[in-house]
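Each remark here refers to the structure printed beneath this line.
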Amino acid sequence: MRAVRTMVMNNRFKAIVEEASACVYRTAHTTFVKMVQDYQCAVATADGDMFAFPSQSGVKQFIGTPMAATIDKIGKENFKPGDIYVTNDPFTTEGLLTHLMDITMIRPIFYKDELIAFGWAFIHSTDIGGAVAGSISPAFTEVFQEGIRVRPMRLFIDDKMNEDVLGLYTDNSRTPKEIAGDLEAMISAMKSIDRRLSGLCDRYGVEEVKAGMQDVISYSEEKARSVLANIPDGEYKFSDYLEMAGEGNLVHVCVKLIVKNGEIEVDFTGTDPQIPAAHNLTTGSRAHPYIVQALITFVLTHEPLTPWNAGIIRSIKGSAPSGCLINAVHPAAGGSRAASGCRVYDAMIGCLNQALDGGVASSGSGSGIIVFSGPDPRTGANRVTVVNPVPGGSGGRNGADGVDAIEPRNAALLNVPVEITEAETMLVVRAYRSLPDSRAAGQWNGGAAQVIELENRGEAGTITCRNLNRFHFQPWGMYGGEAGRIGFTKVNPGQPNERSDGKITVLHLGKGELLQITSPSGGGFGDPLKRSLDMIEADVRTEMVSRERAKAVYGAVFNADGGLDRNATEANRRKLMKDVPYITYGKNRDDHDRVWPYEVRRELAMRAMKLDMRLRWPVVDRVQRKMLAIGKEVTPAILHEAIEAEVAALGGSMSKARH
């Protein structure tokens, strides 16, 4: 009977949150929510454990987000029927939300005066004030530049709107009507969850429903453990680098996956301190889904019927050190924290490649988000609009090609139709296409790079583009697969006044100017000389791979009529076969790692984390740059001297960190 009850309740709970999610999606006002679907809602137990999370719409990064710290901060005794709390503060909530733009609601759900659950929802607000339109620039150094920050406050009291709290958001936004509309959409979802869950209690009884909540979480945990148990015991280490807004700013993201007797511990010690750029995120003291998403995806890939709830991460222990890049403390800026999430995702995949026979996948590319501020062509009033995500391709996988225009960690984000962009802005979309010959070669290719070209037909407008990365270090390939291509941007390409802006922070685009952004591509997986001939023929036929490139990377031989000569190709490939590298980073990363071996670079971060907060990143940045300029391998002794010298130059000491 318990098994039957679990499945019945799971289906009922899922229907409740899917309906609420559809409510937000269909009634939201801003393009980024109603088109790109950067939003979500869910429902949690009275202790703050999410027991139902939608799968058909909205983002997926927050499955099982812990709510307990926020509930405790408010105090259970302070929640009343008809309340809705609203916040956009990552610090007070200990990572309930991960940057200021994710305005989040919590509604206590009572049944006959008993608190039985909490509804949860968020929308990514297009603008909450701050120094630039859209509130996000990768170059911001403090959270104060990113707009208004509001700790949990009652937006609804006894089911009546608190206009003063609403005004905190609308009065500080460049898009007040849109933000109010998005909040109304979330309110509708909260009330829908309340109504449906109460109806479930009427039908089955409150005790049965509460037991069902625990059952579905336990069932999810059981399914997750069955998958994670297939990872052999051991310690698996990997690191990657985030590229900051400035030239040469490289931030170390370090992960150790410790597997023992079916238990998983994730250790981020060795990750660099939080940085004076908008790539930080706050994740609190528990394993946060945002930084263990690769493991969640691994579970759901192998057991797709696993309920989406907090049970998936119950067997995953560990968290990031307080004050590091991925568990930052006030006043860290975090608008572009998704770029850091992508590097964490890749580093976790790197660990799984070591742990699992045959590996998992190569590195993905990332996904930039373009925001334009300029006159509305219909009204002439200034408008802030999300133009589009710009994803590159995903990495090749063990048994399948990477996907063009899909970055796995952000795969839920949809495109904004060209017609919407051109109706809401003075921009004309001149191109949005996959780039031929950009798929990194492998037995399983990486996904292609994407190109978007935007022409400004109005007066000068402002463009920001957050989360651009892989402009210096290529997405890495596995088992002989090529490294992916790096991204780049150009203004007025092919014209006398062409210029490159690298990773865009804030770009002023004049009338008639054209911006071209080319995303990175995913890394290849496996030896390209083992790629099937049918796939090579399809690549050439669809013009995504030229014959010249097919000859160079796959050993293809073509007849005089242009067709693939299969016998000659097979013979040629046998001649070309050789041992392939385990991982292909590309020249820039190889040059870097010759100077900075993994353990020494990890030690730099660990030593820096013991310093006063104000010294941490300056010491890391200065030591890293100086050693790269010298170009010789850094040893532990050299590292010690270099750190001492920089601390002295900055007027600090090696004393224990002070918060």
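Think of it as helices only: each DSSP H run of n ≥ 4 in the chain is worth -39500 (n - 2.57), and spread over all residues that comes to -10500 deg cm²/dmol at 222 nm. Could you tell me the center-to-center distance, by alpha carbons, between the range 305-323 and the range 48-74 in angstrom? The range 305-323 and the range 48-74 have Cα centres separated by 11 Å. Computed log10 I(q)/I(0) for the range 436-535 at 0.20, 0.24 Å⁻¹: -0.91, -1.13, from the Debye equation with unit scatterers placed on every C-alpha and solvent omitted.
Taking other Cβ within 10 Å of each residue's Cβ, how do 451, 540 sort, fewest first? Mind dumping the intermediate values first?
Details: 451 17, 540 20.
With the fewest neighbours first, 451, 540 line up as 451, 540.
Residues within the reach of a label modelled at residue 233 (point 7 angstrom out along Cα to beta-carbon, backbone nitrogen below 15 Å), restricted to the range 262-297, are 262-265. Between residue 419 and residue 534, residue separation times 0.36 nm minus the direct Cα-Cα distance comes to 37.7 nm. For the pair residue 433 and residue 161 in one chain, pulling the backbone fully straight at 0.36 nm per residue adds 93.4 nm over the alpha carbon distance.
Residue exposure proxy: 315, 532, ordered by other Cβ atoms within 10 angstrom of their Cβ from fewest to most, comes out as 532, 315.
How big is the C-alpha Rg of the chain next to the rule-of-thumb value 2.2 N^0.38 Å, as a ratio? Before the final figure, lay out the partial values.
Working: Rg = 25.2 Å, N = 659, 2.2 N^0.38 = 25.9 Å.
Here the Cα radius of gyration is 0.97 times the empirical estimate.
Quick one: Cα centre-to-centre distance for the range 491-549 and the range 432-455, in angstrom? Their Cα centres are 5 Å away from one another.
Relative to the longest principal axis of the Cα atoms of the chain, the long axis of helix 337-355 lies at roughly 70 degrees.
Farthest toward the positive end of the dipole of the range 596-649, out of 640, 618, 596, is the Cα of 618, where the dipole comes from beta carbon charges about the Cα centre. Spin-label model, residue 207 to residue 226: label points 7 Å out along the Cα-to-beta-carbon direction sit 3.0 nm apart. For the range 58-158, applying the loop criterion from DSSP together with a ceiling of 13 other beta carbons within 10 Å to the GluC sites (Glu not before Pro) yields 142.
Among 555-565, 585-595, 95-105, 255-265, the peptide with the highest mean count of other Cβ atoms within 10 Å heads the list, and the full ranking is 95-105, 255-265, 585-595, 555-565. In degrees from 0 to 90, rounded to the nearest 10, what is the angle of the helix 636-649 Cα long axis to the longest principal axis of the chain? Rounded to the nearest ten degrees, it is 60. Residue order for 615, 576, fewest other beta carbons within 10 angstrom first, comes to 576, 615. Each residue, residue 113 and residue 565, gets one label point 7 Å from its Cα in the Cβ direction; the gap between the two is 8.9 nm. The angle between the Cα long axis of helix 206-228 and the longest principal axis of the Cα atoms of the chain comes to about 10 degrees, rounded to the nearest 10. Straightening the chain between residue 541 and residue 613 buys 20.3 nm, computed as 0.36 nm per residue apart minus the Cα-Cα spacing. Between residue 329 and residue 625, the FRET efficiency estimated from the beta carbon spacing at R0 = 25 angstrom works out to 0.50.
Each peptide in 482-490, 364-372 gets a packing score, the mean of other Cβ atoms within 10 Å over its residues, and the list from highest to lowest is 364-372, 482-490.
No lab work stands behind these numbers, since they all come straight from the coordinates. None of the values given here were measured: they were computed from a predicted structure. Quick reminder, even Gly has a Cβ in these numbers, built from the backbone with ideal geometry, and neighbours come from all protein chains shown.
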